[in-house]
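Below you'll find the structure, written out as C-alpha cells, and then a few comments.
The values are calculated or read from the model by the stated rules, or taken from the named source; none is laboratory data. Source: prediction; values computed, not measured. For neighbour counting, all protein chains shown are included, and Cβ atoms are generated from backbone atoms with ideal geometry for every residue, glycine included.
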Amino acid sequence: MNSMTGFGRAAAAVGSRRFVVEIRSVNNRGVDVKVRGRELDAACEIEIIRAVRAAIERGSVSLGVREDGAAGASLPTERIRAMHQSLETVRSELGLPGPIDLGTVAAFLGEAAAEAGPALTWEALRPAVTEALAALTAMRAREGAALAADLRARLARLAGTVEAIKAAAASLPTRAARRLEERLSALAAEVTVEPARLAQEIALLAERLDVSEELVRLRTHLEHLNRLLEESAASGRKMDFVIQEVGRELNTVGSKVQDADIAALVIEGKAELEKIREQAQNIE
C-alpha cells in the first residue's frame, strides 16, 4: 500500500552541463502529470509522462527539470557585462526608466542559453527520471506503511464500538417491552389490552429495533477494509467505497434504535469513521 504523497530527486550529466530532476506527488482522485523544463523536447516530455503513469496509479505529480548552476564553473563575467551593456543600450534607446539590474540580466542570459543549447532528449534524461521515480515510489511506500498502521488501529477502535453497540442492542427489545408493559399498566383502568395483542405488539417492537443484520454487515465491511490494507496494489478507491457503506450502516442503526446509549456509540463510531475517511484519501 502506497501513500499519494512523496518526493524524488536525481541528477543527469549532459555534456558539460548537469541537470536536476525533481518529482513531487500529492493527493488526487486520478493521476495527473505536469512536466516543467524549458529545454525539454516534445518527445522527451511525452516519454516522461509515460514513465510516471507506468509507476503511479493515483496522485497529482509535478516533475521539473532544471540546470544545476552550482555545478558550473565561475560566473561568466564577460558575458554578464556584455548582456548588461546591450540591455542598457536598448533601455536608453526606448527611453525606459531605471537602470538594468542583475535579475534582468540573469533572466536574459537564461533565455539566451536555452535558445542556444540543444533540447534535452529522453535518452539523456532517462536515468535521472528513473532514479527520481524510484525515490518517489520508495517514499510513497514508507508513507503508505505508516498510514496502514494508523488505519489498522482506527479500524480496531471502530470494531470495538460496533461490538459495544451489539451488546447494548441485545437487551434493547426486552427493555422496550418492559417500558410498554409499564405504560399499559398505568392505563389499565382506562384501557383493556388482550394478552395476545400485547404479545404481537412486543414482537413487532422487537423486530423494529433489531439491528443484527446491520451489525453483521458492519463487521463484514470492517474485515474488508482490513484486507484492503494488506493489498500491495492501489486500493484507495476501493476503501472509499467501503467506507461509504460503513457510514450508511451506522446511520441506519442510529435511525432504527431510539436509545441514548446506542446513539452515543453511533456518534463515536461516525467520528472515528471520519478520521479513517480522511486518512484513506491519502492512499493510492
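Side notes on the structure shown:
- Restricting R36, R17, R24 to those that are modelled with pLDDT of 95 or more, at negative phi and touching a strand residue (DSSP E or B) at 6+ places or on another chain (Cβ under 8 Å) reduces the list to R24.
- Neighbours by Cβ (under 9 Å, 6+ apart or cross-chain): first from the stretch 40-57, closer than 15 Å to S25 by Cα; second of a type in the set (G, A, S) and in a helix (DSSP H, G or I): A55/A134; E57/G236
- Among residues of the stretch 77-89 that are part of a helix (DSSP H, G or I), those with a beta-carbon under 9 Å from a residue that is surrounded by fewer than 12 Cβ atoms within 10 Å (Cβ to Cβ) at least six positions away or on a different chain give the pairs I80/L102; H84/L102; E88/P99.
- Filter pass, V162 being surrounded by 13 or more Cβ atoms within 10 Å (Cβ to Cβ) and at pLDDT 85 or above: yes
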